[in-house]
Structures are given as structure tokens and as C-alpha cells.
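Reading through the C-alpha cells given below for one structure.
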């Protein structure tokens with residue numbers, strides 16, 4: 001028997017409000033289903049508790065910005081493409097004619113549809129070419145990484161194929177682009193767009209300082225290079241150089257010739273690319289995480305390292321995405337599960353702690369935020385439910401849900417503050433086929449992280465939305 005249940009949001013005061021709804025059934029194998037609801041009392045969708053614009057991308061590659069008051073605006077990331085007089089050519093991403101390096105090509109705003117319902121007809125953008133594409137409207141689409149600037153703009157790293165390297169003899173092709181977009185903070189209208197630099201194939205990370213372009217601000221990239229002529233038989237055939245591009249001119253400066261070497265790799269160790277790169281807002285420190293490898297003598301290399309101003313191992317347990325707090329600390333978020341509760345485990349590590357030795361997460365106390373998750377391990381005959389397994393591949397994990405972090409970022413609650421506001425976008429893997437995707441527990445929560453060194457203190461400010469966002473940045 002089916003029955004409808006109407007839930008009404010009727011706020012009596014302004015602010016974000018969350019609700020935890022539980023549907024209870026008389027059943028051994030699934031006695032309850034947990035749902036989460038969110039609403040904002042007041043106009044708009046509510047503030048994000050930070051004083052900086054919050055950027056994110058969706059699965060289509062479109063980018064958006066949420067202003068501090070909660071206003072959501074599209075952040076137009078479309079650019080033009082390089083074409084010749086016949087409106088064909090490389091289709092390299094461009095914002096101005098100077099971005100086109102192939103002889104005879106210019107940055108065009110109109111072209112002809114390729115394929116689709118209007119093949120061969122004039123187009124200005126992708127919308128003009130149903131089931132096809134417009135050569136003159138290339139997207140800085142599917143951004144593989146993003147970072148905000150100091151004035152409400154966005155830098156993004158495109159996927160491969162947005163540039164054709166004119167050097168046919170290059171050992172590593174230039175294939176990706178670093179793009180800067182500037183927006184009106186009131187309307188969201190784009191006020192500027194520039195191709196800052198071209199980078200090598202397989203380069204996927206980008207990090208920004210908060211220094212204005214006119215004062216020497218930089219964008220940092222771990223550039224991937226092939227090594228064609230190793231010096232010894234065991235030398236790696238790839239390396240990553242930390243390159244800093246001037247925000248003002250695009251001029252490149254190699255900061256660290258070999259990131260892996262700075263993070264503890266020896267010449268003959270297997271090469272693994274950087275998982276994440278972050279830079280302090282004033283540019284004074286740079287950190288990188290790499291996959292962890294244990295040598296035969298049980299020493300380790302990889303993990304999270306500070307690579308500038310001097311190399312320092314921070315933690316062997318942080319091998320993927322992390323963030324930096326305004327006070328210079330490292331912020332890392334993991335998840336765990338029990339039967340009906342998921343946990344967001346927030347760690348904050350000061351580099352000063354690591355001076356005495358690399359920090360293992362098992363020896364640290366995180367700040368824990370609990371959320372419902374519908375996690376249950378169902379026996380094969382459906383007769384009993386036991387706690388959610390730690391291993392998602394467990395054979396008994398028939399209807400389990402695992403809490404996961406999509407992305408997270410740290411902003412400031414006020415301009416110039418050393419305190420932090422952490423926004424964590426999370427979701428659960430729904431094992432209940434009769435609960436639609438819209439009822440899957442997911443959302444973005446704001447958490448206050450004070451500037452207190454390695455303190456695990458945190459305060460939940462509120463659930464900002466019920467969306468699973470990735471990637472995100474301030």
C-alpha cells in the first residue's frame with residue numbers, strides 16, 4: 001500500500017534549517033530509511049558563511065558561482081576557437097587573436113555547424129547546432145581543476161586538446177590551457193577572459209595565490225614532462241616540474257624542477273604524478289600530495305609534503321585532495337560509516353607539528369560531524385541487518401551506502417581573517433532502489449574552523465544545500 005506524505009517548510013526565523021526525516025517499517029532487513037531536508041528562511045538560497053565567492057562545476061563542465069549572500073550565478077566559461085579563412089583549422093581555445101599561433105588562424109566568434117540538425121549553417125555558439133557542435137565556440141569545458149583569485153575571478157585548467165603545439169619535435173606536447181575568467185560580483189556577467197598559459201599533456205592540477213596580478217601574483221602548475229634520455233638505466237621516464245605562471249603576463253618560471261624528488265622520491269623509484277597541489281594565500285608555502293609507496297626497507301615516500309620553502313614530510317596518510325587553512329594549516333576530510341550514521345572526519349595539521357615528525361591520522365583526533373546515511377549490511381537471505389562494512393566490496397554489502405566526500409574548500413569568514421570556513425560537499429551511495437536519486441542523502445555543509453594551530457575545534461554553521469558539488473573552490 002502506498003501513501004503520500006507532505007512535508008512543509010514554514011520558517012519562523014531567517015536562516016538555514018535542516019531536517020532529518022526517518023521512515024520506519026516493521027521489517028528485519030530494512031527497518032528504517034533516513035532522508036534529509038533543507039530550507040532557508042528568508043530571500044534567496046541563503047548565505048554560505050564565507051566572505052568570498054564560492055565556485056563549482058557540474059557534470060556538463062559548466063561553472064557557477066555562489067556569492068557570499070547565497071546568490072547563485074552562472075560563471076560563463078565559454079571561449080572562442082582559432083579558425084582559418086575557411087572556418088576550419090585547429091579549433092584551439094582562444095580569447096584573442098594573439099592566442100592563435102598556427103599561421104593564418106584568428107580567434108573567431110562565428111563559424112559553421114559541424115554535423116547535427118544545422119550542419120554547414122552559420123553559428124555563434126553550441127546552442128545554434130543541435131546534435132552537432134560549433135567550431136567557433138569552444139568551452140573551457142570539463143575543467144579538471146579550478147582555483148579562485150583574490151578579486152572574485154576564476155582560474156581553470158582545461159582538459160587536453162585545447163591547444164595544438166606548433167613544435168612538432170617537442171618531447172612533451174603542449175595540450176592543455178590555463179584560463180582566467182573575471183565576473184561582475186553583482187550580476188555574474190563576465191567582464192574579462194584570458195588564456196594565461198598553455199601547459200603539457202597530462203598536466204591536471206592548478207593552484208593560485210591571493211596576490212593581485214599587478215603585485216606579482218602567480219598561478220602554480222605541476223607540469224608533466226617525458227624524459228626521453230635517462231641518465232641511468234633506472235631513471236624515471238617522466239617527471240613533474242612545479243611551474244609558476246605570472247597572472248599578469250603568463251611568463252613561466254620553474255620553481256622546482258622535480259616535484260617527486262622534493263617529496264622524497266629517489267631517482268630509481270617508480271614515478272607517480274601529483275595528486276593535489278595547494279599554495280598558501282601569500283605564496284609563502286607550497287604543498288603537494290602524491291601516492292604513497294613503501295620501500296623494501298619500510299621507509300616511505302610520497303604522501304603529503306611541503307615542497308617550498310623547504311621540503312618537509314607532513315603526513316604519509318594524505319595522498320589525495322587536501323586544502324590549506326588561512327592560518328597556513330592543512331585541512332583534510334575523510335569519511336566513515338556505521339549502521340545509520342556517516343561521519344565527516346575533519347583533520348587540521350599545522351606544519352609546525354610535522355617538524356617533530358610526519359603526522360599519522362590514526363594518532364590525531366579529528367572533529368567529527370555526523371550525518372544519516374542509510375548504511376546497512378544485509379545478509380544474502382535478507383533476514384538480518386548488521387553494521388555497515390568498512391570494505392565496500394564485502395560480499396554481504398547488499399544494500400549498503402557509503403558516505404563519500406565529493407570536494408571541499410576553505411574560505412575566510414571576513415576579509416583578511418585568519419579563521420576559516422570549510423565547505424564540504426558530500427554524498428552517500430544509495431543501496432535502496434525504491435528511493436529515487438533525489439532522495440539520496442547528499443549536500444554541502446559549512447563548518448567554522450578557527451585559527452588555532454592544530455586544534456580540532458570546529459562548529460557546524462549550517463547545511464548550505466542538498467547538492468553534491470565537484471570541484472569546488474573559493
If you average the alpha carbon positions of the range 95-127 and of the range 44-88, how far apart do those two centres end up, in angstrom? 22
Spatial separation of Cα centroids for the range 158-206 and the range 236-266, in angstrom: 17
If eta is 0.692 mPa s and T is 37 °C, what Stokes-Einstein diffusion coefficient results for the range 280-367, Kirkwood Rh from Cα pairs, in µm²/s? 237
With no solvent and one equal point scatterer placed on each C-alpha of the range 146-280, evaluate the Debye formula and give log10 I(q)/I(0) for q = 0.15, 0.17 Å⁻¹, two decimals. -0.75, -0.93
Please check which bits of the range 330-346 a label hung off residue 21 would reach, taking the label as a point 7 Å along Cα-to-C-beta and the cut-off as backbone N under 12 Å. none
Taking 7 Å along the Cα-to-C-beta vector as the label spot, tell me the residue 237-residue 60 distance in nanometres, rounded to one decimal. 4.1
Dividing the Cα radius of gyration by the Kirkwood radius, what Rg/Rh value follows for the range 1-78? 1.13
With every atom except the alpha carbons ignored, what do you get for Rg and Dmax of the range 78-139, in angstroms? 10.6, 33
In nanometres, the difference between 0.36 nm per residue of separation and the alpha-carbon distance of residue 211 and residue 7 is 68.7 nm
If the label point sits 7 Å along Cα→Cβ of residue 160, residues of the range 64-103 with amide N under 20 Å come out as 90-94
Restricting attention to the alpha-carbon atoms of the chain, what are Rg (one decimal) and Dmax (integer), both in Å? 24.3, 74
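Here, each number is a calculation from the coordinates, and none is a lab measurement. Predicted model only: the values in this text are computed from it and were never measured. Every residue, glycine among them, receives a Cβ derived from its backbone with ideal geometry; neighbour counts consider all protein chains shown.
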